[in-house]
There are 2 protein chains.
Amino acid sequence: MKRNTWQREAVTTELNAINGFVSAQALFARMRDAGSTISLATVYRALTDLVGEKAADSLLSPEGENLYRACASDGHHHHLICRSCGATAEINAEPVESWAQQVAAAHGFTQAQHVVDVFGLCADCSLT
Amino acid sequence: MKRNTWQREAVTTELNAINGFVSAQALFARMRDAGSTISLATVYRALTDLVGEKAADSLLSPEGENLYRACASDGHHHHLICRSCGATAEINAEPVESWAQQVAAAHGFTQAQHVVDVFGLCADCSLT
DNA sequence: AGACTTATTGCGAACGGTTGTCAATAAGCC
DNA sequence: GGCTTATTGACAACCGTTCGCAATAAGTCT
């Protein structure tokens, strides 16, 4: 039986309050700073659950950290991520979907998954 | 001044002998099994150097491990990687290149980079 | 060849992110 | 209010990777 705890809700809320991807550690730090007494392990567990329920996205940053984000539109989609401020835009990757399938099939690969993310500097951060 | 040691050569050789991406740990294990007395740290250092000299590719697997591969064709390219045996094929991602640029530009992003890799099961491994 | 300089090695300890252990706590059901 | 058991928190354990440092050896100079 799944139980509702204030900890899980706190994680969900905090994640929703953030526009963009955050690391588990960063999320934990924010909550602690805001006065929460939640533990780091619980943040990890909550995030893992959220991803499992498809209520959050996760991706692996180039530094090897797991980043999480509240998942607005559900289903399969990709991201455009600002390297500087972390802001994200969900992008229509339809062309890439079919391309990935084709390319995999052409080489005899099955069960193709793909990692497609575009990192850059958003309009605001580009002004610097 | 850069010096040539048998350790570096051994790493280069071993990497060239492998068709596909390997983790530093796996490479180290293979060398040890083959009788080498090289140390793990040295393998890491050698691999890092190789990547720096663009003599090897590296990418981050979904599990958060760094994978390395001798770099045949130089320049920008992407990979189709077998989740089971690690075999790879370099793929022509031309359509994706331009798509990434467009999508970034459309959102006002500059200095766009992209992470595009397709993981799947190769023909052989699909037979299981 | 022999001496010398200093890049490189190997070892083990340290690190950062993440997961596991386990007793204590508390959510949901009676 | 009790009872059951999912969940929490604190901390140890892990895993891949990097760092510190003394010992080793590559390239240079003579």
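Over chain B, what is the relative contact order in whole percent, taking alpha-carbon pairs under 8 Å and six or more residues apart? Here the relative contact order equals 22 percent.
What the Cβ-Cβ distance of residue B:106 and residue A:105 gives, at R0 = 30 Å and to the nearest 0.05, is a FRET efficiency of 0.55. Taking a ≥ b ≥ c as the square roots of the eigenvalues of the Cα gyration tensor of segment B:1-75, is the shape rounded (a/c under 1.5), prolate (a/b larger than b/c) or oblate? Note, shape of segment B:1-75 comes out oblate. Against chain A, whose longest principal axis comes from its Cα atoms, helix A:94-106 is set at around 60 degrees. Going by the alpha-carbon gyration tensor, a ≥ b ≥ c the square roots of its eigenvalues, is segment A:23-123 rounded (a/c under 1.5) or, if a/c is not under 1.5, prolate (a/b greater than b/c) versus oblate? In terms of gyration-tensor shape, prolate. Along segment B:30-39 the Karplus relation, 6.51 cos²θ - 1.76 cosθ + 1.60 evaluated at θ = phi - 60°, assigns HN-Hα couplings of 4, 5, 4, 4, 7, x, 6, 10, 4, 9 Hz to successive residues, with x for each Gly and Pro.
Bridgeable lysines around residue B:54 (alpha carbons under 22 Å apart, same-chain partners fewer than 8 residues away excluded): B:2.
The residues packed around residue B:46, meaning those with a beta-carbon under 11 Å from its beta-carbon, carry a net charge of -2 if Lys and Arg are +1 and Asp and Glu are -1. Estimated purely from DSSP H runs of n ≥ 4, each contributing -39500 (n - 2.57), the mean residue ellipticity at 222 nm for the protein assembly as shown is -12000 deg cm²/dmol once divided by its residues.
Placing unit charges on C-beta atoms (Lys and Arg positive, Asp and Glu negative, everything else neutral), compute the dipole magnitude of chain B about its Cα centre in debye, rounded to 20.
On the way: 9 positive and 14 negative charges, 94 e Å.
Value, rounded to 20: 460 debye.
Summarising the strand pairing of chain B, around 75 percent of its internal DSSP beta bridges are antiparallel. Distances, shortest first, from the label point of residue B:123 to those at the same position in the other copies read 4.8 nm; the point lies 7 Å along Cα to C-beta.
Summing Lys and Arg as +1 and Asp and Glu as -1 over all other residues whose Cβ lies under 12 Å from the Cβ of residue B:17 gives a net charge of +1. Take each residue in B:53-61, count the other chain C-beta atoms within 10 Å of its C-beta, and the mean is 1.
Counting only protein heavy atoms and a probe of 1.4 Å, the accessible surface of the protein assembly as shown is 50% carbon and sulfur. When only Cα pairs below 8 angstrom with a gap of at least 6 residues are kept, segment B:77-128 shows a relative contact order of 48 percent.
If a/c stays under 1.5 just call it rounded; otherwise compare a/b with b/c (prolate if a/b is bigger, oblate if not). Do that for the protein assembly as shown, with a ≥ b ≥ c from the square roots of the Cα gyration tensor eigenvalues. Prolate shape, in that a/c is at least 1.5 and a/b is the bigger ratio. Applying a DSSP loop filter and a limit of 13 other Cβ atoms within 10 Å to the trypsin sites (Lys or Arg not before Pro) in segment B:1-76 leaves B:2, B:3, B:54. What's the center-to-center distance, using Cα atoms, between segment B:85-128 and segment A:90-117 in Å? Spelled out, the Cα-based centre of one part sits 7 Å from the other. If I build a Gaussian network model for chain A, linking alpha-carbon pairs within less than 10 angstrom, which residue out of A:112, A:89, A:26 has the largest mean-square fluctuation? Highest fluctuation of the listed residues: A:112. Solvent exposure of chain B amounts to 55 Å² per residue of accessible area, where only protein heavy atoms count and the probe is 1.4 Å.
The values are calculated or read from the model by the stated rules, or taken from the named source; none is laboratory data. Computed from a prediction, not measured in an experiment: that's the story for all the values here. Virtual Cβ from ideal backbone geometry, glycine too; neighbours counted across all protein chains shown. Heads up: the accessible areas ignore ligands, DNA and RNA and are worked out on the full protein's heavy atoms, side chains in. Shrake-Rupley method; radii C 1.70, N 1.55, O 1.52, S 1.80 Å.
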